[in-house]
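Below: the structure, in C-alpha cells.
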C-alpha cells in the first residue's frame, strides 16, 4: 500500500470508497475505448459511469435484472403512451412526466409480483439506479425507437456489455491492488491513455464491418 | 487479412473525419453556421444562391398560438432549425379535398402527408411543439426553432424514381473541389424525406458524367433496383444540370467558408437548382453508395489551389470521374477513348514522346505529320509508291503497332490522326473530353 493510500485511509475514508473513486479514471478509459476503437453507443460518458458505479453497489445479478426490466418497461410504456397521447398531448415534458409515473407504477408492481425482482432489496441505491436507468433508456428510445424494437435492442446490449466489462474490471482483485499500491500512477496512466485514444484516427472496429463492401472494392496501387 | 487492413486505410471513418476534416470555421459568421439551417440559408440567399423560400418561423409557444394556419400555402415543409439525420422534417403535400354534396371537390382544412395520412392543425401544432422542445435537435436538451419552408416540385426526369418526395444530390466538397456525390431518393418509408437515416436510398454518382453508378445503399445494404418498383434499376440515371450542380456546390462552400462540406442540392421543376441544406458533418454512407473510399479523394484534393469555380469543377471531373467508363471497359474488354486522346509514340531507341492525337473514324489508316517523322527519326518505308512510317504508340495504356501514312499539312492542328485500322481495341465516346492527366493538372495548378 502506498503512503498516499495509507494517509487517505488513516483520515477515515474506507478502502472500498477509495477504490471506487480511483476506479473512475479506469472506467473512463474503458468508455473512451468503447467509443473510439469499437464504435459503441455509450450515451455520453456520465450515463455509463453512473450505471457502472451503481452496479457495483447493487450487485451484478440484481443490476442486470433491473437493467433489462427497466428497458423493456420503458419501451412498452412509451410505445402505448405515444399512441394514446399523440393527438392530445401538447408538451413533451408533460408526456415525460406521465411516462415516469406509469413506469414507477410498473416498477412497484414488478417488485410486488415478479419473483425475480421480489428478492432485490428496494433501498435508496436501488431507486437511484432505477432513476439513472430510466433516464438512460429515455435517451436511447429518443434515438432508436423510430427504427423499431429490433434495432433498439442492439444499442441496449452494447451498453449492457460495456457496463458488465467495466464492472468485472474494477472488481478484479489485481486491479484493486494496483489502485491501492499506485494510486497516482493509475491517474496519470489513465489520463495518458485517454489522451492517446482521443487522437485515434483509424477506423473503428464496427466501421470495418460497416464499410466492408467499400474496402473490398478498393484497388491498391501496384508496386513498381 | 493484411491486405484488407491495408485497403481499409483508404476509407474515411468517423474518428478521422471529426479530427482531421470537421473544423470549427474561423470567421465569426462561419462559427454560427454549423447545424443552424436558418443562418446558412440567410447567408446563401444574400449571395444569390437559390434556396427554398421560408414562409414562416416559429420561435416559441406564443408565436405558435398566434399562427394563422389559413395563410399557409397548400404544400410546405416543416423543419427544425437544429435538426440532424432528417429528424423532425414533416413534408405536407397538399390540402385534403372534401366532397360537397357529392359533386364538387373543395379544399378542406386538413393537409395530406407523403403516406396519404391526414394532418390536422392539431397534429401540426403538436409536431411544432416537439421541435420547440428540442426533441429533434442534435442536442436533445436544447430548445429549437421551427420553420415552414417551400416544398420543391420534382423534376420530370426523376419522377419515375420516387412516388412521393423530392430526390436530392449530396455533393461532398473539400478545399473547393467536389470530391464525391450521391443521389438520395426518398421512399414511402422515409415519408418523402431523402435522408438515408430515415429510410432514403443513396446511389453513387460518376463525378465525370453525372450518371448514377451500379448500386444503391438502403438501410446499410446494397441494392440494384428500387425497393418499391423492383424492375427499375438504379444504375444509369442521368442527373440533369450536372455541371451546374457541381458549380453551385463549390459556390456554396466558398460562401459558407467551411472546408469540408456536404451540399444537398435539389432540382425544382420551375426554379431549377436549389440548395436545400449544407452539412458540416455529412454522413459517411456516401462511400458505400459509391463503393469508393473518400479518404484517398480528400487527400488528392488537399493542397490544390483553386482559382475559379469552373476550374474546380473541371478538376473534380478529371480526378474523380470515369467510373462509368471503367465499368464499360470491364464489360466490353475495350478501352473508351474520346475524340482527342493523349498518346505516347515510341521511337527506335525505345524513348516515349507524348502527343495529342485526333481519333478519326473517317479515315482507314493512321496519319502522321512529315515534320514529326523527321524529328523522332521514325522508320520509313515506301508502300505502293506512298511513304509510310512504321512505329508503335501507347494509347490509354494499350500498345498499338502501326503503319501510318506520312502527310504534309502544316494547317492541321494534330501531329497524329488515328484511323479505324488502329482502333480495333477501343470504343469511342464523343462526349469524352480529353482531360489532362493528374500529374499535368497538378503542375498547371
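The values are calculated or read from the model by the stated rules, or taken from the named source; none is laboratory data. On a predicted model such as this, the values are computed, not experimentally measured, just so you know. So basically every Cβ, Gly included, is an ideal-geometry build from the backbone, and we count neighbours across all protein chains shown.
Some points to look at:
- Given (1) assigned to a helix (DSSP H, G or I); (2) farther than 19 Å from residue A:194 by Cβ; (3) modelled with pLDDT under 85, index of the condition residue A:88 fails: (1)
- Qualifying position, being surrounded by 22 or more Cβ atoms within 10 Å (Cβ to Cβ) and either in a loop (DSSP other than H, G, I, E, B) or not assigned by TED's automatic domain parsing to the domain that holds residue B:239 (or both), among B:166, B:171, B:203, B:154: B:166
- Only residues that are in a strand (DSSP E or B) and more than 44 Å from the chain's Cα centre (by Cα) were counted across the range B:382-404, and they come to 7.
- Within the range B:248-272, the residues that satisfy the criterion of being part of a strand (DSSP E or B) and either within 14 Å of chain A (Cβ to nearest Cβ) or surrounded by 20 or more Cβ atoms within 10 Å (Cβ to Cβ) (or both) are B:260, B:261, B:262, B:263, B:264, B:265, B:266, B:267.
- Residue in the range B:233-247 that is away from chain A (no Cβ under 14 Å) and more than 16 Å from the chain's Cα centre (by Cα) present: yes
- Test: residue in the range B:372-379 that is in contact with a strand residue (DSSP E or B) (Cβ under 9 Å, 6 or more places away or on another chain), farther than 13 Å from residue B:343 by Cβ and surrounded by 14 or more Cβ atoms within 10 Å (Cβ to Cβ): yes
- Candidates B:329, B:243: the one that is modelled with pLDDT under 85 and part of a helix (DSSP H, G or I) is B:329.
- Residues within the range A:31-43 that are without any contact (Cβ under 8 Å) to a residue 40 or more places away in the chain and more than 11 Å from chain B (Cβ to nearest Cβ), tallied: 0
- Checked against the criterion of being modelled with pLDDT of 75 or more and either within 14 Å of chain B (Cβ to nearest Cβ) or surrounded by fewer than 12 Cβ atoms within 10 Å (Cβ to Cβ) (or both), the candidates A:211, A:129 yield just one match: A:211.
- Only residues that are closer than 18 Å to residue B:344 by Cα and without any contact (Cβ under 8 Å) to a residue 12 or more places away in the chain were counted in the range B:383-420, giving 2.
- In summary, helices (runs of 4 or more DSSP H) completely within the range B:1-49 and bearing 1 or more residues that are at pLDDT below 90 and more than 14 Å from chain A (Cβ to nearest Cβ) occur at B:28-32, B:37-46.
- Among the residues making up the range A:188-208, those that are surrounded by 15 or more Cβ atoms within 10 Å (Cβ to Cβ) and more than 9 Å from chain B (Cβ to nearest Cβ) are A:189, A:190, A:193, A:194, A:197, A:206.
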